[in-house]
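The values are calculated or read from the model by the stated rules, or taken from the named source; none is laboratory data. The structure presented is a predicted model; accordingly, all values stated were derived computationally and were not measured. Virtual Cβ from ideal backbone geometry, glycine too; neighbours counted across all protein chains shown.
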Amino acid sequence: MNEFLRERDGQTYQSIPVVVFYTDDFEYLYHFTERPAIYHPGRLSDAMRAPRAGETTEQTWARFMEEWAALQRSPFSKVWAAAGIDEMLSALHERLVVGP
């Protein structure tokens, strides 16, 4: 999978794209890997997992799990999904209009 390397935090990773677009002649157009640019689950979970005053480790974990599940059920889940689609469509449009 060296065709789709991903760089994050100064490191390079092999990634399996969620979706890859090609022309009818198998000319590469665009690929989308993992998640939209506006979604930062690491930052969110880090902030949500931070202990609050007076919480035990077990209480912190229970609260985090509850808040994380609530976040996934919230409208943000649909917003992030739509953002991924928006990114794909925008990138494809730009590629087709502007070129490589």
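Among the residues in region 84-96, are any loosely packed, with under 14 Cβ neighbours inside 10 Å and in a loop (DSSP other than H, G, I, E, B)?
No; the residues of region 84-96 include none that is loosely packed, with under 14 Cβ neighbours inside 10 Å and in a loop (DSSP other than H, G, I, E, B).
Just the residues that are of a type in the set (Ser, Thr, Tyr), assigned to a helix (DSSP H, G or I) and within 18 Å of residue 69 (Cα to Cα), please, taken from region 35-59.
Once the filter is applied, which keeps residues that are of a type in the set (Ser, Thr, Tyr), assigned to a helix (DSSP H, G or I) and within 18 Å of residue 69 (Cα to Cα), region 35-59 yields only 45.
Of everything in region 42-66 that's of a type outside the set (Ser, Thr, Tyr), closer than 30 Å to residue 6 by Cβ and surrounded by 14 or more Cβ atoms within 10 Å (Cβ to Cβ), which residue is modelled with the lowest pLDDT?
Out of the qualifying residues, it is 44.
Residues of region 1-34 being in a loop (DSSP other than H, G, I, E, B) and surrounded by fewer than 12 Cβ atoms within 10 Å (Cβ to Cβ), which ones?
Hits for region 1-34 are 1, 9, 10, 16, 23, 24, 25, 26, 27.
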